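Student: Below you will find the structure I want to go over with you.
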Amino acid sequence: MAEAKTFELAVVTPEAAVLDTEATFVALPAHDGEIGILRDRAPLVVKLDVGLLRAETAAGAIRLYVDGGFAEMVGNRLTVLTEDARDPAALDRGAAERRLAEARAMTAGDEAAHAAREKALRRARVQLKLTAG
Amino acid sequence: MANRRVLVKRRKATRNIRKITRTMQLIATARFQAAFQRAMASKPYTAKLERLIEGLARAATGLEHPLMKVREDVPREALLVVTSDRGLCGGYNANVLRQVAEHLDGRAAEGVETAVTMVGKKGTSYFKYRNRPLAEVVRGIGDTPRFEQVEPVANGLMAAFGSGEIAALHVAYMKFLSAGKQTPVVERILPLSYEPAAGEAPAGEVLYEFSPGPAELLGELLPAAVRVRLFQAFTDAAVSEQVARMVAMKAATDAAEDMIKRLTMQYNRARQTQVTMELLDIVGGANALA
């Protein structure tokens, strides 16, 4: 194999550094759709949606659930800031279902409440999708 | 002699106390290590977030955000107080609460009403005892705060600020400066203020591609910054609590040791006195017969 074109990938949450590794390719759940990142990408700051982060590394593929946040790509270092990041297998389907029900029951009185409801719904749905088989 | 037995009993009790305080000291040391690791683990996230915000604040000129709004017309503020659930940690809670009382009195003197959100049983019972009102009590965070526990508290306070119910948010906690130094502080969280760095952007500034635009990104970053700042107040408080307990229990163990030494000395002296007295009795008796 030709020399792999890798860049650094770091995923940090307020509680811990979840991941710090070399990757050849990363797909981020950006706010406006998935975005793929390769080595030498131009500097970028992007808002993330709740979703799945996929990374190709020397040690194999990594899948990570991220709860929104931001990603910064600069100087071949991709930093993902998110308030929660975990292995999709660690998500609890029962809890996700409960959360979906809770989100449905939320009232959307004003704009802020509506946004909160939409966010909760979206989070619960993504979690459900990721825990489905 | 009864005195001797009392001394033995007291010495035994003191030894038991020493055993307990020493164990608590060891536990606090172990917990301190863990809490310290946790507090440090949140630093990279915070540092990166603050840097992003600074960069964005430069990119988006004439920055405005609801969380940065200074309201002069609302005479209400909120104060989040972080205390511990457990005692036996020396002056830890008292020091925080003294700062809180000072802050509250100062604000009241300026005619500003402060709604207090209390974390921790110790602060709650103190406020109850002093008959001071609490707007809200947050329970169950304990000494290992998790982000998902802090998040709803932060969001609630931000919502209150956003709707104009409160003009400012402060947080009072024991700031952890080093293992040897912690100070109780009252810090302002809201309104946020970021001074757009004056003058030229520093050399080597990277031109980013922003998605969505800088202003909108900032709108998402600022609440995240508030949440993580509050979270750091909690983790700092947790570390400081363990340090305070470590120090308090070390002092207690040392004091118990001193007391055991003193009691042993008293016991030996009492014993010696008794032996001497018995000897005198015997000698006196023998002399009388001779």
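Student: Quick check, is B:A201 at negative phi and modelled with pLDDT under 85?
Tutor: yes
Student: Given the conditions (1) aliphatic (A, V, I, L, M); (2) out of contact with any Asp or Glu (no Cβ under 6 Å at 6 or more places or on another chain); (3) within 14 Å of another protein chain (Cβ to nearest Cβ), report the number of the one that A:V50 does not fulfil.
Tutor: For A:V50, the exception is condition (2).
Student: Still on this structure: Free of Cβ contacts under 8 Å to residues at least 12 places away in the same chain and within 11 Å of another protein chain (Cβ to nearest Cβ): which single residue out of A:A89, A:A16, A:A10, A:A61 fits that description?
Tutor: A:A16
Student: Would you confirm whether or not the range B:96-117 contains a residue that is surrounded by 14 or more Cβ atoms within 10 Å (Cβ to Cβ), touching a helix residue (DSSP H, G or I) at 6+ places or on another chain (Cβ under 6 Å) and on the phi > 0 side of the Ramachandran plot?
Tutor: No, the range B:96-117 contains no residue that is surrounded by 14 or more Cβ atoms within 10 Å (Cβ to Cβ), touching a helix residue (DSSP H, G or I) at 6+ places or on another chain (Cβ under 6 Å) and on the phi > 0 side of the Ramachandran plot.
Student: Has the range A:38-47 got at least one residue that is more than 30 Å from B:Y208 (Cβ to Cβ) and either at pLDDT 90 or above or surrounded by fewer than 18 Cβ atoms within 10 Å (Cβ to Cβ) (or both)?
Tutor: No, the range A:38-47 has no match at all.
Student: On to the next question. Would you point out the residue of the range B:6-54, among those that are of a type in the set (G, A, S) and touching a residue at least 12 places away in the same chain (Cβ under 8 Å), that is farthest from the other protein chains (Cβ to nearest Cβ)?
Tutor: B:A28
Student: Please pick out the residue among B:R4, B:R22 that is under 19 Å from B:D254 (Cα atoms), in a helix (DSSP H, G or I), in contact with a helix residue (DSSP H, G or I) (Cβ under 8 Å, 6 or more places away or on another chain) and not hydrophobic (A, V, I, L, M, F, W, C).
Tutor: B:R22
Student: Would you check if B:A251 is touching a residue at least 40 places away in the same chain (Cβ under 8 Å), in contact with a strand residue (DSSP E or B) (Cβ under 7 Å, 6 or more places away or on another chain), more than 11 Å from chain A (Cβ to nearest Cβ) and of a type in the set (G, A, S)?
Tutor: Answer is no for this residue.
Student: How many residues does the range B:231-248 contain that are over 11 Å from B:T46 (Cα atoms) and either hydroxyl-bearing (S, T, Y) or within 11 Å of chain A (Cβ to nearest Cβ) (or both)?
Tutor: 3
Student: Turning to a different aspect of this structure: Among what's in the range B:204-217 and is under 38 Å from the mean Cα position of the chain (by Cα) and facing another protein chain (nearest Cβ under 10 Å), pick the residue that is farthest from B:D85 (Cα to Cα).
Tutor: Looking at residues that are under 38 Å from the mean Cα position of the chain (by Cα) and facing another protein chain (nearest Cβ under 10 Å), I get B:P214.
The values are calculated or read from the model by the stated rules, or taken from the named source; none is laboratory data. Everything numeric in this text was worked out from a predicted model, so none of it was measured. So basically every Cβ, Gly included, is an ideal-geometry build from the backbone, and we count neighbours across all protein chains shown.
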